[in-house]
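The values are calculated or read from the model by the stated rules, or taken from the named source; none is laboratory data. Since the model is a prediction, treat every value here as computed from it, not as a measurement. Because the Cβ atoms are built from the backbone with ideal geometry, glycine has one as well, and the counts that use them run over all protein chains shown. These area figures cover heavy atoms from the full protein model, side chains too; ligands, DNA and RNA do not enter into them. Shrake-Rupley method; radii C 1.70, N 1.55, O 1.52, S 1.80 Å.
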Amino acid sequence: MAITINKDTQLCMSLSGRPGNFGTRFHNYLYEQLQLNYIYKAFTTDNIQAAVAGVRALGIRGCAVSMPFKEACIEFLDELDPSAKAIDSVNTIVNTAGHLKAYNTDYIAVSRLLASHAVPTDTVFALRGSGGMAKAVAFALRDAGFRQGFIVARNEAAGLRLADACGYEWMADTRDLKVDMLVNVTPIGMAGGPEAEELAFQQDLVGAAHTVFDVVAIPSETPLIKLGRQLHKRVITGAEVIAIQALEQFVLYTGVRPEAELVERAAAFARG
């Protein structure tokens, strides 16, 4: 049964440089199935300060935050949950009577996936990227007990900061790398982007690794993930990350935790 929008309907939203449909479809599917008086809409902005002020002023219950706003929004918020404060990166804002508290459910999702896929903590990894999502992944790896790793980033300042914060090494490129796990936290392989058909790591590096992890969620089968499957590697996909982080956002916004089967249906609907 469709939800009838009225004056009491709670609005949740997302802010992204390149809005997609996954969150909108995922959240609205669950609202309808659970008969919750909520609605979800994706937005972009060129004024993050005004956008966050709008969340507060209009009583918008929740706001998902994606690139390039995960760090830029912090100065306009009231409180950071430990999941966001530890890494200075936000992907979720919850508005409670005008008080804006930030979380990072990407960190939660990555931590769970490393455990559920049973990736050994003595794995040596290379993480490509140095932005807000890269922070969530790197700190999740550090906190899970991964001690040996490389942050591969063309931006030397950002790469060094992230590597130093987590106790890893920085590299400008992937030359001379030989590692057990490859982690892509860049837009390489993202549908609709200029590098949609490209591999985030060279084929020989994929062949030498035992685990391939790509946080790009759309498509769920990126060129890197496809190659990893072809070479019979353990793969962790962005589709898994986005479903877990979206679920945790849903719980923060509504206070309701749906059953696992319903969440799977919502994720499948969102990907469709």
Find the relative contact order for region 165-272 and round it to a whole percent, using C-alpha pairs within less than 8 Å whose residues are 6+ positions apart.
20
Reach of residue 233 by Cα under 22 Å, taken over lysines that are not fewer than 8 positions away in the same chain
178
With just the Cα atoms defining each centre, how far is region 78-119 from region 1-77? Give it in Å.
16
Heavy atoms only, 1.4 Å probe, whole protein assembly: order 210, 27 by accessible area, highest first.
210, 27
Region 159-272 - Kirkwood radius from inverse mean 1/r over Cα pairs (Å)
15.7
Exposure of residue 85 as accessible area (Å², to 10), given a probe of 1.4 Å and all protein chains:
140
FRET efficiency for residue 116 and residue 160, Cβ-Cβ distance as r, R0 = 45 Å, nearest 0.05?
0.90
For 164, 78, write out the residues from largest to smallest accessible area, computed with a 1.4 angstrom probe and no ligands counted.
164, 78
Which lysines, on any chain, are close to residue 70 with Cα under 24 Å apart, when same-chain ones fewer than 8 places away are left out?
41, 85, 101, 135
Label point distance in nm, residue 173-residue 18, each placed 7 Å from Cα along Cα→Cβ
2.3
Note down the nm distance, to one decimal, between modelled labels 7 Å out along Cα→Cβ at residue 32 and at residue 251.
2.5
Size-normalised alpha-carbon gyration radius of the chain, reference 2.2 N^0.38 Å:
1.00
Springs between alpha-carbon pairs under 10 angstrom, Gaussian network model over the chain: which of 256, 65, 94 fluctuates most?
256
Estimated 222 nm signal from helices in the chain, with DSSP H stretches of n ≥ 4 weighted -39500 (n - 2.57), rounded to 500:
-11500 deg cm²/dmol
Under the definition of Cα pairs under 8 Å and six or more residues apart, what whole-number percent is the relative contact order of region 47-108?
35
Ignoring any ligand, DNA or RNA, what whole percent of the accessible area of the chain comes from carbon and sulfur when the probe is 1.4 angstrom?
51
